[in-house]
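The values are calculated or read from the model by the stated rules, or taken from the named source; none is laboratory data. Only a predicted model underlies this, so the values are computations on that prediction, with no experimental measurement involved. Here the Cβ positions follow ideal geometry from the backbone for every residue, glycine too, while neighbour counts run over all protein chains shown.
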Ligand SMILES: *Cc1c(COP(=O)(O)O)cnc(C)c1O
């Protein structure tokens, strides 16, 4: 099977050698580093094959059995397969698999539930949320009156008193629950209570949590929320793209909001790539991988917590319940960008991010976000995460020490021990 995959790349090499060289360079880069970008993962070859298939040729505006194009009978089956698998995996009444991305899914959810000019309320980006939930700079944000909420200064946890107070004051039509840099579990039921009190729709933005929820390792908002928006390429680890789950009663309004409301023709090959992803996410192997992901994050967070006095790095929100954690770098005399460059030198990729009540002066920030999803997909187990934790903590305890190259060698060894696409020869 990998051989045929290689042959297809041979054709790319023949017709466009310079692009082929760039893909080869990117594969080498991915193989050589340890990806701790919390939103990234490594898609299975089967997903890449579906994504790169002949399905890309087909136009299919509309929905199964209600298309604006002829010849969609096979595409209908593929989209229905993806829809059925999504409903089954998450226990949802309805699924729309057309959103191009998580941001498009949020834009469509807003279009479904709010009118231009309505107040909407999302989780502030600089507190751990995502701008597509409220920010006027994003595709839908400019149509609405965006408001945002944050976390409690002392605990770093979602501040439900504040969320309720803002909701009572601005009367949002839609409240989003779910973040990008929030390491703790999200009690969706608290959001439901506030939505019921103020008469708002609840959209659970599970872009990051989808894999944990699918594996049954985080409370599911599917029955509580009016809709859930998600990405398929983060913890689900598959096709790049978005998705919306909703109550069956919202099926029509959600579908109309996606197409024609906020998108054009669907990326037909991504129906297939999403369907394969969902198929793989229903397996025991997937649950086992999510378990390694979660234990890995806890192991790393524990190592950092134990070394706090030496590194002067603090865990944002005191730790993690998820696949990611964030470090406050300010007391270590580092910006998030600087801390990230230290990791980068070791071949460890992450994100520099603004953290709640960040003490750095913008555009600097004091947050380093690290996640374990891609490493778990690569095969990391507890001992490997512990080895990596030791390397990272040592790096921050002794930044100028002669150990630097030795540390770099240890991360290289981990990268070699867990090869990416070992059968893919480019
Ligand atoms: C990643 C993310 C998005 C956006 O997804 P894209 O596919 O990058 O557009 C939306 N909301 C949250 C909470 C996210 O983490």
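Some notes on this structure:
- Restricting region 314-327 to residues that are in contact with a strand residue (DSSP E or B) (Cβ under 8 Å, 6 or more places away or on another chain) and buried (at least 24 other Cβ atoms within 10 Å of the Cβ) leaves a set whose member that is farthest from residue 399 (Cα to Cα) is 323.
- So residue 296, is it assigned by TED's automatic domain parsing to the domain that holds residue 353 and buried (at least 24 other Cβ atoms within 10 Å of the Cβ): yes
- Top-ranked residue of region 258-272 - restricted to ones that are within 16 Å of the ligand (Cβ to nearest atom) and within 26 Å of residue 224 (Cβ to Cβ), ranked as modelled with the lowest pLDDT: 262
- Sole exception among (1) surrounded by 13 or more Cβ atoms within 10 Å (Cβ to Cβ); (2) within 23 Å of residue 371 (Cβ to Cβ); (3) modelled with pLDDT of 95 or more for residue 59, by number: (2)
- Residue that is closer than 26 Å to residue 372 by Cβ and touching a strand residue (DSSP E or B) at 6+ places or on another chain (Cβ under 6 Å), where the choices are 242, 211: 242
- Checking each residue in region 209-225 for being away from the ligand (no atom under 13 Å from the Cβ), touching a helix residue (DSSP H, G or I) at 6+ places or on another chain (Cβ under 6 Å) and in a loop (DSSP other than H, G, I, E, B) picks out 215, 217, 218, 220, 222, 224.
- Answer residue from region 228-247, given it is outside any loop (DSSP other than H, G, I, E, B) and away from the ligand (no atom under 13 Å from the Cβ) and is surrounded by the fewest Cβ atoms within 10 Å (Cβ to Cβ) among those: 246
- Within region 338-368, considering residues that are closer than 17 Å to residue 314 by Cβ and out of contact with any helix residue (DSSP H, G or I) (no Cβ under 8 Å at 6 or more places or on another chain), the one surrounded by the fewest Cβ atoms within 10 Å (Cβ to Cβ): 357
- Residue ranges of strands (runs of 3 or more DSSP E) in region 109-182 with at least 2 members within 12 Å of the ligand (Cβ to nearest atom) and more than 22 Å from residue 251 (Cα to Cα): 119-123
- Pair list, Cβ < 8 Å and 6+ apart or interchain, from region 324-336 residues that are farther than 29 Å from residue 206 by Cα to residues that are in a helix (DSSP H, G or I): 332/311; 332/339; 332/396; 334/342
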